[in-house]
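Have a look at the structure below, then the notes.
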Amino acid sequence: MTVMAKKLPLARLGVVGGGQLARMLAPACNNHGVQMLILDSLNNSPAGQVAFDQIEGEPDDPAVLQLLCERSDVVTFDIENVGADILMALADQSIEIVPAPAVIRLIQNKFDQKCHYRVSGIPTADFIDLTEKSSFSDVKAFGLPCVQKAHTGGYDGRGVHIIRSREDWENRLETPSFLEAFISNGTELAVMVARRACGEMAVYDPVEMVVDPKLNLLDYLIAPARVSANVSEAAQELAKKTVESFATPGLFGVELFLTNSGDLLVNEVAPRAHNSGHHTIEACVTSQFENQLRACLDLPLGQTDLQGCALTANLIGEAGYVGCPVIEGLDEFVKIANSHIHLYGKDTCRPGRKMGHFTLIGDDHDELIRRLASIRDVLIVRGDTPQ
Ligand SMILES: Nc1ncnc2c1ncn2[C@@H]1O[C@H](COP(=O)(O)OP(=O)(O)OP(=O)(O)O)[C@@H](O)[C@H]1O
Ligand SMILES: [Mg+2]
């Protein structure tokens, strides 16, 4: 066997966006002798605080993206709202960008993404585009209820509007958008997949995203998803097929619906680390971040086996407070075994802002859900000033 020697530091990894995802990529970079360079509009962004170096600038500024590429061996992402066209031109100049900027651009536009699934034979909820001439009778002909989705710019449920009535149609989003069939009472699953340039893939167990029915917001994620072995395997196969269709290396979060009748449909894909892979830091043999790094450096991917069960919940800013973040209940939290907190280092807290998350590890789902309830009673992140 010939063993290839690699020079250290192994690489300079540029990351567009310095949020919590890049912050959690930092330990994997440090452990592997990789210098992480963050591009963010904020100096000392969550990832900028812990990176080897940082560049302050907008993620769609050509000069700044050029500088990031010049100072990096490989470039990857923590966000997808980036100047994809600019990066496409830079990638042509033989700079390694993972995933390919053309795929980032495809994914940025949800309508283009849906069309890609349709032509690639990847099951997805039925959809039609809307035009300025579209009327409520077109919506009724498509079928109510349905979901209006903005072509671009949506995240965390912004850019998604459910239409059940004429009134909902009158309050529609005023932006280029399409209609999608409404999936009623479906289960939301997500599968993380890492892919190397040669096509090797590492696939994680499906995670179940549990939505708060009153708030219509993500409540917590549970791994493995509470589905049959057949469904779990089918979800992994569909996620692999979806990632394969992009034909680029990288880490991808594939969001799926499991319908009442047992069909799996692709909702959307994140071309980066994802909330539904946070538990992999403590619960899997190789974390999503380490596999993201390996995909970027074209190293063999790590095993994805899940040890036991895991539950991840976001720590979001408490209503009624703003200002410098404070945390309540940390002493009680850290006394609970197999409970892991991640705070993102954001310097201001607003109601609803993602300030961190925690992951609970255990042997069964019900025990984790009970532990979650008792933690929520004590653990709070809020601003220091009442609103
Ligand atoms: N066709 C649909 N039928 C029923 N519910 C839907 C449908 N599409 C989206 N939703 C609900 O709205 C949520 C947000 O939709 P989607 O994932 O498309 O948008 P997003 O803004 O990119 O979300 P996020 O950033 O939270 O992933 C979904 O997680 C799901 O709960
Ligand atoms: Mg989504």
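One table, with the values for the structure above:
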| item | result |
| --- | --- |
| Inter-part distance where region 33-64 and region 184-218 are each reduced to a Cα centre, Å | 28 Å |
| Charged-residue dipole, Cβ positions (Lys, Arg, Asp, Glu), region 68-219 about Cα centre, Debye nearest 20 | 400 debye |
| Rounded if a/c under 1.5, otherwise prolate or oblate - region 143-195, Cα gyration tensor axes | oblate |
| Cross-link partners of Lys214 among lysines (Cα-Cα below 25 Å; sequence separation of 8 or more within a chain) | Lys149, Lys354 |
| Selection from Gly323, Ala283, Tyr204, by position along the positive dipole direction of the chain (Cβ) | Tyr204 |
| Total charge dipole magnitude, the chain, about the Cα centre, Cβ charges on Lys, Arg, Asp, Glu only, Debye to nearest 20 | 140 debye |
| Helix-only mean residue ellipticity at 222 nm for the chain, each DSSP H run of n ≥ 4 adding -39500 (n - 2.57), per residue, nearest 500 | -8500 deg cm²/dmol |
| DSSP-assigned coil residues among trypsin sites (Lys or Arg not before Pro) in region 330-379, each with at most 10 further Cβ atoms within 10 Å | Lys335 |
| Taking region 126-181 and dividing mean pair separation by its residue count, relative contact order in percent (alpha carbons under 8 Å, at least six apart) | 49 percent |
| Size of electric dipole in region 11-97: Cβ of Lys, Arg +1 and of Asp, Glu -1, about Cα centre, debye, nearest 20 | 380 debye |
| Region 309-387: relative contact order in percent, alpha carbon pairs under 8 Å with at least 6 residues between | 52 percent |
| Contour minus Cα-Cα distance for Ser120 and Leu217 (0.36 nm per residue) | 31.9 nm |
| Relative contact order (percent, whole number), the chain, Cα cutoff 8 Å, 6+ residue spacing | 13 percent |
| Semi-axis lengths (Å, descending) of the ellipsoid that matches the C-alpha gyration tensor of region 335-387 | 25, 12, 9 |
| Region 13-77: C-alpha gyration tensor shape, a/c 1.5 cut-off, then a/b vs b/c | oblate |
| Three-way shape call for the chain based on the alpha-carbon gyration tensor, with the a/c threshold at 1.5 | rounded |
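Values quoted throughout were computed directly from the atomic coordinates according to the rules given, and no laboratory measurement underlies them. Please read these numbers as outputs of a predicted model, since none were measured by experiment. Don't worry about glycine lacking a Cβ; one is built from the backbone with ideal geometry, like all the others, and counts go over all protein chains shown.
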